[in-house]
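Structure first, commentary second.
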Amino acid sequence: MELALSALITALLISAMYIVVALGLAFLLSVMGIINFSHGVIYMIAGYICYQLAVVYGLNQWLSLIVSVIVISAFGIFLERYCFRYAVGNLDRMIIISIAIILVLQNAVNITMGGYVRSLPSFAPGTLRIATFSFAIDKLLTFLIGAALLVILIWFTRRTKYGLQMQAISQELEGAALLGINVHQISAIACAMACGMAAIAGCLMGALFNLSAFMGDNMLIKSLELVILGGIGSIGGLFFAGLLIGSLDAVVPLFSSGAMGQVIALAVIIIILLFRPQGFLGREYH
Amino acid sequence: MLLEINGLTKLFGGLSAVKEFDMYVNKGEIVGLIGPNGAGKTTIFNLITGIDKPTKGKVIFNGQDITGKRPHVCAQLGIGRTFQLNPLFPNFTVSENVEASFFLHPQSSLLDIYFNTFTYRRNEALIKEQSLSILQLVGLLHLENELAKNLPHGYQKMLGIARALATKPSLSLLDEPLGGMNPDEIEFTIAAIKETQEQGVTILLVEHNMRIMSICQRVVVINFGQKIAEGLPQKLRENKEVIQAYFGDENLA
Amino acid sequence: MCADEKQTASKSNAKIIRLAIYGILVFILALLPLLIKSPYVIHVFITTFIYIVATVSLRTVTISGQYPLAHAAFMGIGAYASAIMAKLMGWPIWLTIPLGGVAAMAIGAFIAYPFARLRAFYYAMVSLFFGLGINQLIIVSTKWTGGAGGFTNIPHLLPTTDKVPYYYFTLVFMVLCLGALWRFEYSRIGISLKAIAQSHLVASSVGINEASFRILALSVGCFFVGIAGAVYAHYNFTLSPTCFDITAGLWLFVYALIGGLSSFNGPIVGTALLIIAPQLLSNLKQFVPFISAAILLLVFYVMPQGLVSLPQLLSYWIKERRKKDTLSHAA
């Protein structure tokens, strides 16, 4: 029973993290119209920066996380300005620049950090006891942070000026520009936020699981699954997709293997997309 | 009757784009389908050629029920079509546009094509020859190596008509062939359409330029997806409902 | 008809020149092993030849307007199918390689039918997920494929451990495949595919069955990438699912895009450059990815249509320069 509950918590937790990271990808896709294949390595590098600051330089771990997020968000602005802006609406160029970013970041990490798998120390070690169950505090905390981020993001896109402008751009680019919305500025903000969210997830997951140069690959796949299944431009759709995929990923490995879970999840996604290409709640693309 | 349309209806959601539409076209005629913008003319074309599936109704071509059959099947049966928007292969040259359209007649089998057999080479030579004569008919021969997307608008429309002729249709559906043309081009196009009719092609054309009425044997007027009048062009000029559709009701002013 | 004759004459002149250039290149490549003895360099070339077939077959699919992000997974299908048939069932390799291609083609044709209905972007995404699914399926089927650990001791293609015979085999293999794919593209089949890509409405109005042609393009593309994968399997003797994952899928596209998807030669140039140049330019294995990244960035910023667009770009810059000179002289 405790095993099942622990698995459930882990499942919810992973779903939450998938959703947070996928939101970054979703932002970029709906606001800028690009599929950022390098999203995974951004997630990864944030974890390593945190590691470097916290473990190697001895900075307080939470502070390291914050610094990492700030650095990565700034990197996001750089990426928008010098890279993604030229690849908008052009899958070819986007593939090229994404692979270039992946090459540089992944191999920089490989060279400087070597091949060992490392791990960030836990952000909040210890366990919490409620009734007869014990929960790992760091997992709970991660889940709460993820949930909080989701709420903040929903509030942001629906209630703030910038969020609404992002929605405007994602629905009707030229119209939005004609209304005086500074597309470049909003795109930069969206990109910074996307990278920032990936960064938070990267640091937290790096503490819960392991850091490796390739940890981003799986996260990229999950993000793509969530975004496309949920539909472009829909946070609600992404949320449902996240729950679906997260549940599958949590439940199937109990009976079979992790890879089988992936196969089933992908099969389900493909079948759904064949009947409803725009995903759960998405709008038409291009 | 070459083409017969019975009770054609198309609903998009709750909106009826075409409602209980009947018409027919006899062999060798030029029939005009006219009406204001948004009346449903292009939709009817799409329904005939199978790009959209009708909600109700039948389309009968040459005695055969072709309701909802896919576009390439309609082409095989002898229906050619031009498009109002995006009527060409933009990255092909003018001659490539026409040559690519000779897919059906003469049709080489895949094996013939791939292994460059004698049949294939003979067919391709025939195609080349015929495409040159079509280009001459529409007056675009001098531009044969120009990319289609670089052509001025009027020429693109002409090329669209040339392209439709390549399918050797028995019925040619022309969607706003005069769209965006200047008076000279209009005269030229009208003459080319007449010439096509003389070569034995039946023509159904959609227009909202009244000029086209001069070459139509019959005109069908449509508004809001429904037929509001039909008959000889001269008679319809005086028809109250037609005038109302185009110019509005005087009493409302 | 005089102008017409001139045109056909110049067209066949262009053909002859093109054939001559290819012939010279093949001749030089044939001589290469006599000049370069390093097995490592030979290996790089062998890999290049195999991947050129893969990327050109990728292009064959893209000319119909579809973006098969799963193409690397099909290479995997061909590779694993041939390896399984050869190792576990003991069939001869000259049979399993084409069968590997057929397996890839069959699966490609099977999914092409439902996928062909989808418009470009959605097709790309579904293709991506399909490729991921195949990759995971390979990992899951440990009994057959060795799973994530890899599939080892695959029967050798040639009864020798020397690389040079493999070099000539793959060179001939590449030339034959490229010839076949070239013919496919430049015949009426290819014209019809390009027509579909430009305007599927107009194409279907001239009688081109859009779905059938898309399936044909995908099937042919899958067959060739399948046999390329099979050859790779029997050359490399081991297989690992990571060769055919999402990154591999994107890399196939990168190879083709760097050269340029607009011309048949594009993927050839791109693949050759991206595989050979970094290996030869760097003495340290560690820097290879950065050289590749540099090439990618160069193309991204300077010639986004790929290297084959370089002559066009250069002539454009030169014209602009000349204009500026004449203007400044006038002023």
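The values are calculated or read from the model by the stated rules, or taken from the named source; none is laboratory data. What you are looking at is a predicted structure, and each value in this text was computed from that prediction instead of being measured. Here the Cβ is made from the backbone with ideal geometry for all residues, glycine too, and neighbour counts use every protein chain on show.
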Listed by first then second residue, the pairs whose first member lies in region A:71-90 and is in contact (Cβ under 8 Å) with a residue 12 or more places away in the chain, whose partner is surrounded by fewer than 15 Cβ atoms within 10 Å (Cβ to Cβ) and not in a helix (DSSP H, G or I), with beta carbons under 9 Å and at least 6 positions apart or on separate chains, are A:Gly89/A:His286
Taking region A:268-282 and keeping residues among the β-branched types (Val, Ile, Thr) and more than 8 Å from chain C (Cβ to nearest Cβ) leaves A:Val268, A:Ile271, A:Ile272
Out of (1) under 22 Å from B:Asn116 (Cα atoms); (2) in contact (Cβ under 8 Å) with a residue 40 or more places away in the chain; (3) at the interface with chain B (Cβ under 9 Å from one of its Cβ atoms), the odd one out for C:Ser219 is which?
(3)
Residues of region B:217-253 satisfying the condition of being in contact with a Pro (Cβ under 8 Å, 6 or more places away or on another chain) and modelled with pLDDT under 85:
B:Asn223, B:Ala245, B:Tyr246
Six or more apart or on different chains, Cβ atoms under 8 Å: show the pairs whose first residue is in region B:1-29 and at positive phi and at pLDDT 85 or above and whose second is crowded, with 19+ Cβ neighbours inside 10 Å and in a strand (DSSP E or B).
B:Gly28/B:Thr202
So C:Lys37 ticks every box in (1) surrounded by fewer than 12 Cβ atoms within 10 Å (Cβ to Cβ); (2) assigned to a helix (DSSP H, G or I); (3) at pLDDT below 90 but one. Which box is left unticked?
(2)
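May I ask you to say which residue of C:Leu171, C:Leu257 is without any contact (Cβ under 8 Å) to a residue 60 or more places away in the chain, of a type outside the set (S, T, N, Q) and over 27 Å from B:Tyr120 (Cα atoms)?
C:Leu257
Let's see how each residue does on (1) under 19 Å from C:Met174 (Cα atoms); (2) in contact (Cβ under 8 Å) with a residue 40 or more places away in the chain; (3) away from chain A (no Cβ under 14 Å); (4) not in a loop (DSSP other than H, G, I, E, B):
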position: C:Ser57; (1), (2), (3), (4): yes, yes, yes, yes
position: C:Val61; (1), (2), (3), (4): yes, yes, yes, yes
position: C:Pro68; (1), (2), (3), (4): no, yes, no, no
position: C:Ala81; (1), (2), (3), (4): no, yes, yes, yes
position: C:Trp91; (1), (2), (3), (4): no, no, yes, no
position: C:Ile97; (1), (2), (3), (4): yes, yes, yes, yes
position: C:Gly100; (1), (2), (3), (4): yes, yes, yes, yes
position: C:Gly108; (1), (2), (3), (4): no, yes, yes, yes
position: C:Gly131; (1), (2), (3), (4): no, yes, no, yes
Among the listed residues A:Ala241, A:Ala265, A:Ala207, which satisfies the condition of being within 12 Å of another protein chain (Cβ to nearest Cβ), in a helix (DSSP H, G or I) and buried (at least 21 other Cβ atoms within 10 Å of the Cβ)?
A:Ala265
Does region B:114-126 contain any residue that is within 25 Å of the chain's Cα centre (by Cα) and at pLDDT 85 or above?
yes
Between a first residue in region A:92-116 that is on the phi < 0 side of the Ramachandran plot and more than 7 Å from chain C (Cβ to nearest Cβ) and a second residue that is part of a helix (DSSP H, G or I) and buried (at least 21 other Cβ atoms within 10 Å of the Cβ), which pairs have beta carbons less than 6 Å apart while being 6 or more apart in sequence or on different chains?
A:Met94/A:Ala87; A:Ile102/A:Val41; A:Leu105/A:Val41; A:Leu105/A:Ile45; A:Gln106/A:Val41; A:Val109/A:Tyr48
Taking region A:19-69 only, how many residues are within 22 Å of A:Gly246 (Cα to Cα), in a helix (DSSP H, G or I) and polar (S, T, N, Q)?
0
With a cut-off of at least 2 residues that are away from chain C (no Cβ under 14 Å) and among the β-branched types (Val, Ile, Thr), name the helices (runs of 4 or more DSSP H) lying wholly within region B:128-246.
B:183-198
Return the only residue of C:Pro311, C:Pro289, C:Pro267, C:Pro278 being assigned to a helix (DSSP H, G or I) and in contact (Cβ under 8 Å) with a residue 24 or more places away in the chain.
C:Pro267
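A quick yes/no check of all residues on (1) farther than 28 Å from A:Val183 by Cα; (2) more than 17 Å from the chain's Cα centre (by Cα); (3) buried (at least 24 other Cβ atoms within 10 Å of the Cβ); (4) of a type in the set (Lys, Arg):
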site: A:Val41; (1), (2), (3), (4): no, no, yes, no
site: A:Gly58; (1), (2), (3), (4): yes, yes, no, no
site: A:Val69; (1), (2), (3), (4): no, no, no, no
site: A:Arg85; (1), (2), (3), (4): no, yes, no, yes
site: A:Val88; (1), (2), (3), (4): no, yes, no, no
site: A:Arg93; (1), (2), (3), (4): no, yes, no, yes
With the requirement that a residue be over 13 Å from the mean Cα position of the chain (by Cα) and either assigned to a loop (DSSP other than H, G, I, E, B) or more than 9 Å from every other protein chain (Cβ to nearest Cβ) (or both), what does region B:66-83 give you?
B:Ile66, B:Thr67, B:Gly68, B:Lys69, B:Arg70, B:Leu77
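Condition first: of a type in the set (Val, Ile, Thr) and more than 7 Å from chain C (Cβ to nearest Cβ). Now tell me which residues in region B:84-120 satisfy that.
B:Thr93, B:Val94, B:Val98, B:Thr117, B:Thr119
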